[in-house]
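Worksheet: the structure to be examined is printed underneath.
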Amino acid sequence: MQIGTLIILALVIIVIFYAIFTYNGLVSLKHNVSKAWSNIDVLLKQRHDELPKLVEVCQQYMAYEKDTLEKIIQARSAVSNARHRGDMGALGEAESQLRLGLGNLFALAENYPELKANQSFQQLQARISQLENSIADRREVYNDSVNLNNVRIEQFPDIIIANAFHFKGFDLLEFSEEEKRDVNIKSLFNG
């Protein structure tokens with residue numbers, strides 16, 4: 001064989017190995033995003049199952065706070081719908097509303113000493129707070145996975161393999177600015 005043929009053969013082999021390595025890396029990133037989402041989904045489901053119990057306990061004590069409880073129920077439904085559709089934008093907005101409603105509920109519970117002393121309420125509040133913290137942690141992992149995937153499929157030369165095999169980007173799970181702000185406790189009691 002001629003040296004030119006060997007060089008061309010070596011280049012073809014390098015390109016094939018690079019394409020395989022890149023493809024496998026992109027598959028791994030895609031599955032990491034799916035795994036990270038699955039971890040969030042489990043926590044959202046657990047919280048979804050706990051919220052009716054919390055609302056039920058609160059309804060026994062908070063006869064005048066129906067609006068707050070109804071907002072939580074509506075937000076819970078919106079989170080569930082967005083979760084099932086896989087719509088990250090709608091999920092982020094619904095999560096923002098749910099977190100705001102829960103913050104308001106826990107702040108309003110301060111006006112009900114019997115509710116605060118209720119063991120079921122305390123357990124549910126602790127459980128939901130724990131789930132909220134876990135969701136926040138998992139959201140960070142999910143967004144990191146999404147970012148790694150999205151950057152990689154846009155980088156040259158990986159974009160060639162990504163386009164050839166139809167790898168797609170994912171949406172970040174973001175909460176609205178309203179959810180990121182502190183709850184105004186004074187406004188809750190002056191309404």
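One table, with the values for the structure above:
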| item | result |
| --- | --- |
| Residues of segment 73-109 satisfying the condition of being free of Cβ contacts under 8 Å to residues at least 24 places away in the same chain and assigned to a helix (DSSP H, G or I) | I73, Q74, S77, A78, N81, A82, H84, R85, A90, A94, F106 |
| Residue among S129, S120, S176 that is among the small types (G, A, S) and closer than 20 Å to G89 by Cβ | S176 |
| Residues (of a type in the set (S, T, N, Q) and either outside any helix (DSSP H, G or I) or touching a residue at least 40 places away in the same chain (Cβ under 8 Å) (or both)) located in segment 31-44 | N32, N39 |
| Residue count, segment 13-30 (criterion: farther than 15 Å from F165 by Cβ and either surrounded by 11 or more Cβ atoms within 10 Å (Cβ to Cβ) or touching a residue at least 40 places away in the same chain (Cβ under 8 Å) (or both)) | 1 |
| Among the residues listed as I72, I40, I20, the single one being among the β-branched types (V, I, T), under 16 Å from the mean Cα position of the chain (by Cα) and closer than 28 Å to V141 by Cα | I40 |
| Residue, modelled with the lowest pLDDT, within segment 61-72, restricted to residues that are surrounded by 14 or more Cβ atoms within 10 Å (Cβ to Cβ) and assigned to a helix (DSSP H, G or I) | Y61 |
| Checklist (1) within 30 Å of A164 (Cα to Cα); (2) surrounded by fewer than 12 Cβ atoms within 10 Å (Cβ to Cβ) applied to V33, failing item | (2) |
| Lone unmet requirement of (1) at pLDDT below 95; (2) surrounded by fewer than 17 Cβ atoms within 10 Å (Cβ to Cβ); (3) within 21 Å of L43 (Cα to Cα) for E93 | (2) |
| Pair list, Cβ under 6 Å, 6 or more apart: segment 45-58 residue in contact (Cβ under 8 Å) with a residue 40 or more places away in the chain and polar (S, T, N, Q), other residue surrounded by 15 or more Cβ atoms within 10 Å (Cβ to Cβ) and part of a helix (DSSP H, G or I) | Q46/L131 |
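The values are calculated or read from the model by the stated rules, or taken from the named source; none is laboratory data. Predicted, not measured: the structure shown is a model, and the values here were computed from it. For neighbour counting, all protein chains shown are included, and Cβ atoms are generated from backbone atoms with ideal geometry for every residue, glycine included.
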